[in-house]
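Just so you know, all these numbers are worked out from the coordinates, no wet-lab data involved. Only a predicted model underlies this, so the values are computations on that prediction, with no experimental measurement involved. When we count neighbours, we look across all protein chains shown, and the Cβ atoms used for this are built from the backbone with ideal geometry, even at glycine.
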Ligand SMILES: [Zn+2]
Ligand SMILES: [Zn+2]
């Protein structure tokens with residue numbers, strides 16, 4: 001099944017490149033960047049695929065069980081812009097690839113000394129026999145990293161200045177997952193990419209990891225009246241669980257429900273709130289209006305200004 005998509009992806013990438021882009025590059029005498037353009041098509045197609053998967057899962061749920069009526073379509077269009085820019089601009093994958101080439105050149109340097117960088121499978125050789133278990137452990141470790149990155153986004157004022165772009169949305173939908181400041185995306189990509197490399201995620205495993213994690217994340221932002229029940233709420237982040245994090249009263253350092261995939265981190269570190277059965281309004285009352293309803297560029301600009309006005313160590 002996965003091999004089928006891989007083949008389809010490779011042929012589509014080749015077809016788009018050869019029929020649409022190669023002739024243009026040739027005509028404008030830019031064939032020397034052909035490899036980079038091909039790589040970008042490769043990632044962008046994956047981005048389109050990830051958006052399709054999310055849309056197919058989340059859109060029907062939003063239509064069936066909305067929390068609130070849509071009152072500001074323009075705000076949603078801004079979030080769609082965020083999603084397209086992020087997924088097609090390929091920040092996470094790009095960071096991973098650049099780090100991956102960094103790692104291989106580092107390994108090349110160390111090869112003479114006989115040193116091999118340790119990974120999860122070096123410490124637990126049995127994992128080589130069970131790729132599914134390895135995949136799950138990778139997700140758990142990466143999710144632990146995401147929980148702490150998110151805690152710090154709320155903890156440090158300079159980081160909050162950037163993360164408040166994400167929290168300013170009053171019309172939250174599954175498109176809101178990618179509503180982040182561009183600098184925040186870069187930080188997130190390096191955070192995630194570094195952990196992925198340290199534990200030995202290979203470039204081949206990365207797309208599926210990314211797809212699974214981002215699907216749950218997008219769904220948790222959906223305008224969907226859905227909780228996973230008494231036990232389920234403790235196993236996987238639901239739209240109810242993450243909406244509590246985005247609620248107008250929970251914004252700031254007294255936050256709750258930081259987990260991205262597994263609420264267990266919130267239980268362990270004392271930030272879980274499983275008792276809210278209401279679906280609060282979302283948004284950040286302290287944020288300037290432009291951060292909530294401005295266009296993409298205005299929000300980026302306001303985010304940057306808020307960052308620069310704050311001392312970096314605060
Ligand atoms: Zn947050
Ligand atoms: Zn969120």
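How big, in percent, is the set of alpha carbon pairs in the stretch 170-314 lying more than 23 Å apart?
Of all Cα-Cα distances in the stretch 170-314, 44 percent exceed 23 Å.
With labels modelled as points extended 7 Å from the Cα through the Cβ direction, what inter-label distance (nm, one decimal) is found for residue 32 paired with residue 305?
Each label point is offset 7 Å from its Cα along the Cβ direction, giving 4.1 nm.
I need the peptides 150-161, 204-215 ranked by packing, meaning the mean over residues of other C-beta atoms within 10 angstrom, with the highest value on top. Show your work: numbers first, answer last.
Working: 150-161: 18.9, 204-215: 16.3.
Packing proxy ranking, top to bottom: 150-161, 204-215.
Can you pull a Stokes-Einstein diffusion coefficient for the stretch 109-223 at 25 °C (0.890 mPa s), Rh from Kirkwood over Cα pairs, as a whole number of µm²/s?
Taking Rh from Cα pairs, D becomes 153 µm²/s.
Provide the packing ranking of 192-200, 140-148, 128-136, i.e. peptides ordered by the mean count of other C-beta atoms within 10 Å per residue, highest first.
With the highest mean Cβ count within 10 Å placed first, the list reads 192-200, 140-148, 128-136.
With labels modelled as points extended 7 Å from the Cα through the Cβ direction, what inter-label distance (nm, one decimal) is found for residue 11 paired with residue 85?
Using points 7 Å along Cα→Cβ, the separation is 3.6 nm.
How big is Rg to Rh over the chain, alpha-carbon atoms, Rh as the Kirkwood inverse-mean-distance radius?
My calculation of the ratio gives 0.98.
Using only the Cα atoms of the stretch 188-266, each taken as one equal point scatterer with no solvent, compute I(q) by the Debye sum, divide by I(0), and report log10 of the ratio at q = 0.14, 0.26 Å⁻¹.
Once normalised to I(0) and log-transformed, intensities are -0.55, -1.20.
Figure the gain on full extension for residue 290 and residue 194 (residue separation times 0.36 nm, minus the Cα-Cα span) and round it to one decimal in nm.
31.2 nm
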